[in-house]
Amino acid sequence: MTFNWKKAALAALTTAMGAYLLLAVTAFNEPGGRAKKCSEVKIDIADNVVDGFLNADEIKAMLQRKGLYPLSKPMESVNVRAIEETLRKSPFVAAAQCYKTEGGKVCIELSQRMPVIRVKADNGDDYYIDNHGGIMQNTKYVSDIIIATGPISRNYARRVLTRVGNIIVADRFWHRQIVQVNVLADGSMEIVPRVGDNIVYLGRPVDVRQKLDRLAKFYKYGLSRVGWNRYSYISLEFDNQIICKKRKRAGGA
């Protein structure tokens, strides 16, 4: 009887492949592996255009307080659902997703609620309004955000300031140019620009985008020629016109 080396080699190869596939399937069916520990936590915050609300260190601290931060823990003990639920309870988190990957990595992806205006009302209220009209409690300093002052109720903030704030934030020029919104007793508005020593009266908060477009043209074709500080008060209250009050010269002239 002649020994068939080809058949023997094929049989050995088949046996080895079968053992390998068995081990691979077993490892695949045990997420992260029973003995493997989390070696890396990747935190990705989407829409991170406003500094001060969410960052990776704050997310880490939030999970550590709940005993859920996964680094160095066995992958099989990492509870992704508990991590997601904990993060979603934060007033600054709009959505959260957590998942494991091969190699001992845990990924956390977040989107945050975006503040558009900080309200400092006459009654002592101090909070943020997000882009969906939600109230966000005051937290540490946040840069590059418009401040609204005056007799502002929370209903007015949700219903009116959210809309006005979204219009301003959506326009790159006005987002940089407007630093404050003053709400008057009758609900009308003034804006305080960053450039130019004047107050701009919007009147009732309707057709705000059109009023700002009109003001932009006035900046370009009017103030750029006569000087940014020529007028102390600019009114956009009435359609198709701009009313300006000249600044008094020193000595009352």
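The values are calculated or read from the model by the stated rules, or taken from the named source; none is laboratory data. Every value quoted in this text rests on a predicted model; they were computed, and no experiment measured them. In this analysis, Cβ positions are derived from the backbone assuming ideal geometry, glycine residues included, and neighbour counts consider all displayed protein chains. The accessibility values were calculated without ligands, DNA or RNA, using every heavy atom of the protein model including side chains. Shrake-Rupley method; radii C 1.70, N 1.55, O 1.52, S 1.80 Å.
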* Complete set of residues in region 87-100 that are without any contact (Cβ under 8 Å) to a residue 40 or more places away in the chain, buried (at least 19 other Cβ atoms within 10 Å of the Cβ) and of a type outside the set (A, V, I, L, M) -> Cys98
* Structure fact -> Being open to solvent by less than 60 Å² (accessible area, probe 1.4 Å), assigned to a loop (DSSP other than H, G, I, E, B) and either β-branched (Val, Ile, Thr) or touching a residue at least 40 places away in the same chain (Cβ under 8 Å) (or both) narrows Gly103, Gly133 down to just Gly103
* Asked: For region 173-198, which residues satisfy the criterion of being surrounded by 13 or more Cβ atoms within 10 Å (Cβ to Cβ) and among the aromatic types (Phe, Trp, Tyr)?
  -> Trp174
* Structure fact -> Counting only residues in region 52-81 that are more than 16 Å from Lys105 (Cα to Cα) and in a loop (DSSP other than H, G, I, E, B), the one most open to solvent (accessible area, probe 1.4 Å) is identified as Lys66
* To do: Give Tyr201, Tyr233 a once-over and let me know the one that is in contact with a Ser or Thr (Cβ under 7 Å, 6 or more places away or on another chain), in contact (Cβ under 8 Å) with a residue 12 or more places away in the chain, surrounded by 13 or more Cβ atoms within 10 Å (Cβ to Cβ) and in a strand (DSSP E or B).
  => Tyr201
* Structure fact -> Here the residues within region 203-235 that are farther than 16 Å from Phe173 by Cα and within 30 Å of the chain's Cα centre (by Cα) are Gly203, Arg204, Pro205, Val206, Asp207
* Asked: Out of region 117-130, which residues are open to solvent by 50 Å² or more (accessible area, probe 1.4 Å) and free of Cβ contacts under 8 Å to residues at least 24 places away in the same chain?
  -> Gly124
